[in-house]
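Right, one structure below, let's go through it.
The values are calculated or read from the model by the stated rules, or taken from the named source; none is laboratory data. The shown structure was predicted, so the numbers you read here are calculated from the model rather than taken from an experiment. Cβ coordinates were reconstructed from backbone atoms using ideal geometry, including for glycine residues, and neighbour counts include every protein chain displayed. Accessible surface areas use protein heavy atoms only, side chains included; no ligands, DNA or RNA. Shrake-Rupley method; radii C 1.70, N 1.55, O 1.52, S 1.80 Å.
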Amino acid sequence: MSARILDGKALAARIQAELADEVVEFIANNTTEPTLVAVLVGEDPASEVYVRSKRKACELVGMESRLQRLPADVTQDELLRIIGRLNKDDEVHGILIQLPLPPQIDATRVLHAVSPHKDVDGFHPENVGRLVQGRPRFVPCTPRGIQELLRREGIETAGRHVVVVGRSDIVGKPLANMLIQRGPGGDATVTLCHSRTPNLAQFTKQADILVAAIGRPKFITADMVKPGAVVIDVGINRTDAGLVGDVDFDSVREVAGAITPVPGGIGPLTITMLLANTLLAAREATA
Ligand code: NDP
């Protein structure tokens, strides 16, 4: 039997419509509109595409989006100075540093320079620490999108075994931390796998919910999936055949109970959660 398709694109549109209403209300009650600044260094084509779609999404829900474009040879000091200025600007609620940054820049230092109150990507150590302690402020957008999808699709996490493949700071690590928290959207038993995990399939086959955040096209095949499992494909891989996920969609959909497509799965939800975080930042700034 073919799996239920978890349509992230349609869900993202519904959440964005809700956010648009909340933005109207926010603007009516405040003298300012929620504002996101995207800092884009250099001319990486993929980064250009991502920033453009994030800005477009902002505008769709009625938020202001600004672009701070910098040349590829910008110095670290200059970049830090600009972030310092954005941190102090009361009209700016969220700051997004588009990754990757050029090699002369220490990305960690730059991400840590963003005020934790404007850190809508949730990468600042203060926000990471809060998440781990179960007192979240800004939660990274991709894991937040996954949790929101599970919640809104009625997929219970409590007591389920979630296997996450990939331990990046952006996806795997924060997601695992979120799913082990007490309460709604959490209470899962989580196994976090990575490239040093021997016999990966032995773990993935135990998953009630399997999350692939690996960056390898069609890596998860049908024989690695328990029949009826929920499969969340985070991967975005550019191949000659177009964009493909980390999951071999055509074979896995015959085994899984539910599955996200690529594109149209987690990607649109990630962008939507950036908007939600920006609105949260604006609310905190004006509270
Ligand atoms: P990273 O490259 O930072 O992390 C990849 C992870 O996969 C690492 O932990 C790595 O292990 C693990 N891995 C690599 N090879 C294997 C293997 N053979 N077996 C088991 N684990 C393996 O990637 P990201 O987390 O940033 O991104 C993952 C994918 O998700 C990419 O395709 C990216 O484009 C996509 N992505 C999509 C987003 C969206 O909005 N949908 C947002 C962010 C990312 P180790 O740590 O040992 O190296």
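Using the Cβ atoms and a cut-off under 15 Å, what net charge is assigned to the surroundings of Asn29, where Lys and Arg are +1 and Asp and Glu are -1? Walk me through the numbers on the way to the answer.
Values: positive: Arg283; negative: Asp21, Glu22, Glu25, Glu33, Glu284.
It works out to a net charge of -4.
Determine the order of Phe203, Phe219 by accessible area, beginning with the largest, at a probe radius of 1.4 Å.
From most exposed to least exposed: Phe219, Phe203.
Where does the chain land at 222 nm, in deg cm²/dmol rounded to the nearest 500, when only DSSP H runs of n ≥ 4 count, each adding -39500 (n - 2.57), divided by all residues?
-12500 deg cm²/dmol
Using a simple charge model, +1 on the beta-carbon of Lys and Arg, -1 on the beta-carbon of Asp and Glu, nothing else, what dipole does segment 156-204 show about its Cα centre, in debye to the nearest 20? Write out the running numbers ahead of the final one.
Numbers: 5 positive and 3 negative charges, 29 e Å.
With only Lys, Arg, Asp and Glu charged at Cβ, the dipole is about 140 debye.
With Cβ to Cβ distances under 14 Å as the rule, what net charge do the other residues near Val190 carry (K, R +1; D, E -1)?
Within the 14 Å Cβ shell, the charges total +2.
Work out from phi, with θ = phi - 60° and the Karplus expression 6.51 cos²θ - 1.76 cosθ + 1.60, the ³J(HN,Hα) of each residue of segment 44-54, listed in order in whole Hz, and give x for Gly and Pro.
4, x, 5, 5, 4, 5, 4, 5, 4, 6, 5
How big is the accessible area of Thr239 in square angstrom, nearest 10, if you roll a 1.4 angstrom probe over the protein chains?
Thr239 has an accessible surface of roughly 50 Å² with all protein chains in place.
Kindly write out, for segment 181-193 in residue order, the coupling ³J(HN,Hα) from the Karplus curve 6.51 cos²θ - 1.76 cosθ + 1.60 (θ = phi - 60°), rounded to whole Hz, with x marking Gly and Pro.
5, 6, x, x, x, x, 6, 8, 9, 10, 10, 10, 10
What does the charge add up to near Asp208, with Lys and Arg as +1, Asp and Glu as -1, over the other residues with Cβ less than 10 Å from its Cβ?
Value of the local net charge: +1.
P(r) for segment 5-77: what percent of alpha-carbon pairs falls in each 5 Å bin, starting at zero?
Result, from short to long distances: 3, 14, 19, 18, 16, 13, 9, 6, 1, 0 percent.
For segment 141-266, what value does the Rg/Rh ratio take when both radii are computed over Cα atoms and Rh is the Kirkwood radius, given to two decimals?
That ratio equals 0.93.
Angle, helix 8-29 long axis vs. longest principal axis of the chain, Cα atoms, 0 to 90°, nearest 10?
Here the helix axis deviates by roughly 30 degrees.
Which angle from 0 to 90°, rounded to the nearest 10, does the C-alpha axis of helix 266-286 make with the longest principal axis of the chain?
40
Once neighbouring chains are kept in place and the probe is 1.4 Å, which whole percent of the accessible area of the chain is contributed by carbon and sulfur?
52
Normalised by the number of residues in the chain, what is the relative contact order in percent for Cα pairs under 8 Å and 6+ residues apart?
About 22 percent, as a whole number.
Can you give me the orientation-averaged projected area of the convex hull built on the Cα atoms of segment 173-214, in nm²?
Its average projected convex-hull area is 3.1 nm².
Just read off the accessible area of Glu148 with the full protein assembly in place, 1.4 Å probe, to the nearest 10 Å².
Taking all protein chains as shown, Glu148 has close to 30 Å².
Roughly how tilted is helix 76-88, in degrees to the nearest 10 and between 0 and 90, from the longest Cα axis of the chain?
80
When the distances between all Cα atoms of the chain are binned every 10 Å from zero, what whole-number percent does each bin get?
That works out to 7, 28, 35, 23, 8, 1, in percent per bin.
So who's got an amide H within less than 5 Å of the one on Arg4, skipping anything under 5 residues away but keeping other chains? H placed 1.01 Å off N, in plane.
Ala258, Ile259
Take a quick pass over the chain and tell me how many lysine pairs come in under 18 angstrom between Cα atoms, counting only ones 8 or more apart or on separate chains.
Lysine pair count for the chain: 7.
What is the extension gain from Lys9 to Leu243, computed as 0.36 nm multiplied by their sequence separation minus the C-alpha to C-alpha distance, in nm to one decimal?
82.7 nm
What order do Asp250, Asp240 take when sorted by accessible area (1.4 Å probe), most exposed first?
Result of the area sort, largest leading: Asp240, Asp250.
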